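Chemist: Dropping the structure in here first, questions after.
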Amino acid sequence: MKALWIVLDSVGCGGAPDAADFGDEGADTLGHLMEREGLELPHMASLGLYEIMRGRSAVVPESVPVLSGAAACRLTEKSMGKDTTTGHWELAGVVLEQAFATFDSFPTDFLQELEARAGVAFIGNEVASGTEILRMRGEEHCRTGRPILYTSADSVLQIAAHEDETIFGLPRLLDLCEKARQLLDERGMRVGRVIARPFLGTTREDFRRTPNRRDFSLIPPPTVLCRLQEQGVRVVGIGKISDIFAGQGISESHPTKSNAAGMQTIAELWAREWGGDVLLVANLVDFDMLYGHRRDPQGYAQALREFDAWLGEWLPQVREHDFLCITADHGNDPFHRGTDHTREQVPLLTLHCPAPLREGTDFTQVAALLERYFTRKTP
């Protein structure tokens with residue numbers, strides 16, 4: 001048996017019932033892109049996307065015939081959060097009743113201990129976007145070699161440093177982030193992710209983050225990935241899946257640095273002869289990282305068009321007894337104010353689903369479907 005679960009990072013489909021509680025009333029990532037950028041996604045529509053959006057978003061393209069065996073619905077997040085880790089964990093069956101910790105700045109005693117352990121002195125310790133922090137602090141970092149520490153509305157501790165080893169270097173940055181993860185866990189601070197943010201460039205005008213980002217996540221409670229692995233299913237992570245789940249329940253990992261690389265890796269691994277049950281789990285991050293946070297609707301729309309075109313070419317590879325599900329972990333409406341994620345419902349698009357879908361239920365429906373698929377008898 002073979003299944004593929006794709007998470008389109010941040011591709012929400014309209015405000016969640018509690019969006020106003022998160023300051024996100026009116027957010028609608030897909031709806032606004034269709035309305036204002038003329039976005040059409042015919043192959044996602046063939047899995048039912050337009051039908052679940054019709055009547056909920058201002059403009060939805062004309063109907064597309066839905067494939068036999070396709071089914072779709074909206075999911076509503078139950079966990080208290082709108083970040084990547086919270087979303088993925090709930091999709092994998094873990095609902096967080098208590099939100100991860102967030103900070104405007106990290107405590108002085110924590111920073112002093114981390115600096116002592118790592119032999120560094122930080123600059124920053126403030127809330128900022130990834131591009132903004134480089135404009136603010138990048139040149140100082142290059143002069144002094146001091147790493148930049150910052151956070152956001154999400155539960156993250158982010159450290160930016162230049163990849164050039166004469167300034168700081170990627171290996172040193174990754175080691176520093178590992179130490180930060182360890183200290184947070186020792187202190188029980190419940191920060192969802194420590195993120196290494198390497199960059200290149202010489203001035204604030206040309207600083208650019210590189211694809212060598214790395215996430216160091218809090219270890220999750222047991223998820224459906226762990227249960228399936230224990231049952232003998234080979235769980236293969238693509239993109240940053242292994243990072244998000246701290247390696248738990250992952251049999252094999254294939255990190256990728258772009259949507260294009262992720263889609264190529266999916267196709268290659270799907271075509272492999274596995275000799276047993278396998279679940280491919282992929283995160284495509286460009287929607288969120290490159291376009292949502294940067295409030296770039298044109299780039300976001302084009303990235304979705306590219307995914308949809310790839311999907312149309314790849315879909316014939318899904319056999320009758322395979323299972324495909326495509327979903328998202330939160331929203332990131334590029335037309336919304338600010339630069340943070342948006343609290344939205346997410347689409348669930350399936351092909352050859354093992355059970356009827358339940359409209360509006362929480363993200364754990366994905367975990368239940370995966371478990372149902374791999375525990376039923378092969379037809």
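Chemist: Put +1 on the Cβ of every Lys and Arg and -1 on every Asp and Glu Cβ in the chain; which of Trp270, Leu8, Leu351 then has its Cα farthest towards the positive end of the dipole?
Modeler: Trp270
Chemist: Would you please give the FRET efficiency between Glu35 and Glu359, computed as 1/(1 + (r/R0)^6) with r the Cβ-Cβ distance and R0 = 25 Å, to the nearest 0.05?
Modeler: It comes to 0.65.
Chemist: Going by how many other Cβ atoms sit within 10 Å of their own, how do Leu75, Leu114, Leu30 line up, fewest first?
Modeler: Final ranking by Cβ density, sparse to dense: Leu114, Leu75, Leu30.
Chemist: If we count every other residue with Cβ under 9 angstrom of Glu344's Cβ, Lys/Arg +1 and Asp/Glu -1, where does the sum land?
Modeler: -2
Chemist: Need the full-extension length gain, Arg117 to Glu25, defined as separation in residues times 0.36 nm minus the C-alpha distance. One decimal, nm.
Modeler: 28.8 nm
Chemist: Can you order the peptides 330-339, 89-98 by their average number of other Cβ atoms within 10 Å per residue, highest first?
Modeler: Averaged packing, sorted descending, gives the order 330-339, 89-98.
Chemist: Run lengths n ≥ 4 of DSSP H only: what is the helix-derived mean residue ellipticity at 222 nm for the chain, with -39500 (n - 2.57) per run over all residues, to the nearest 500?
Modeler: So the helix-based figure for the chain works out to -9500 deg cm²/dmol.
Chemist: Can I ask one more? So for Val235, Val66, fewest C-beta neighbours within 10 Å to most, what's the order?
Modeler: Ordered from fewest to most neighbouring Cβ atoms within 10 Å, Val235, Val66 come out as Val66, Val235.
Chemist: Could you list, in their original order, any pairs among Lys78/Lys240; Lys179/Lys240; Lys2/Lys78 whose Cα atoms are separated by more than 25 Å?
Modeler: Lys2/Lys78, as the Cα separations exceed 25 Å there.
Chemist: In degrees, nearest 10, range 0 to 90: what is the angle between the Cα axis of helix 170-186 and the longest Cα principal axis of the chain?
Modeler: 80
Chemist: How much net charge surrounds Tyr291 when only the other residues with a Cβ under 13 Å from the Cβ of Tyr291 are counted, with Lys and Arg +1 and Asp and Glu -1?
Modeler: Summing Lys/Arg as +1 and Asp/Glu as -1 gives -4.
Chemist: Can you tell me which aspartates and glutamates have their Cα less than 12 Å from the Cα of Lys257? Leave out same-chain residues fewer than eight positions away.
Modeler: Asp286
Chemist: Write down the Å³ per residue value for the convex hull defined by the alpha carbon atoms of region 1-124.
Modeler: Looking at region 1-124, the number lands at 195 Å³ per residue.
Chemist: Assign one of three labels to region 108-216, namely rounded, prolate or oblate, based on the Cα gyration tensor with a ≥ b ≥ c the square roots of its eigenvalues; rounded applies when a/c is under 1.5, prolate when it is not and a/b is larger than b/c, and oblate otherwise.
Modeler: prolate
Chemist: What order do you get for 14-22, 316-324 when each peptide is scored by the mean count of other beta carbon atoms within 10 Å, highest first?
Modeler: 14-22, 316-324
Chemist: Given Cβ point charges of +1 (Lys, Arg) and -1 (Asp, Glu) and nothing else, what value in debye, to the nearest 20, does the dipole of the chain about its Cα centre take?
Modeler: About 540 debye.
Chemist: Report the rotationally averaged projected area of region 173-272 based on its alpha-carbon convex hull, in square nanometres.
Modeler: 8.3
Chemist: Also, quick follow-up: Would you work out if region 71-153 is rounded, prolate or oblate? Take a ≥ b ≥ c from the square roots of the eigenvalues of the alpha-carbon gyration tensor; rounded if a/c is under 1.5, else prolate when a/b is larger than b/c, oblate otherwise.
Modeler: prolate
Chemist: Right, something else. May I ask for the net charge around Asp277, where only other residues with Cβ less than 10 Å from the Cβ of Asp277 are counted and Lys, Arg are +1 while Asp, Glu are -1?
Modeler: +2
Chemist: Once the piece of chain linking Thr203 and Arg56 is laid out straight, how much longer is it, given 0.36 nm per residue of separation minus the C-alpha distance between them?
Modeler: This chain segment gains 48.4 nm when fully extended.
Chemist: Okay, moving on. Round to the nearest 10 and give me the degree value, 0 to 90, for the angle of helix 108-118's Cα axis relative to the longest principal axis of the chain.
Modeler: Around 90 degrees separate the two axes.
We did not get these values from a lab; they are worked out from the coordinates using the rules stated. Predicted, not measured: the structure shown is a model, and the values here were computed from it. So basically every Cβ, Gly included, is an ideal-geometry build from the backbone, and we count neighbours across all protein chains shown.
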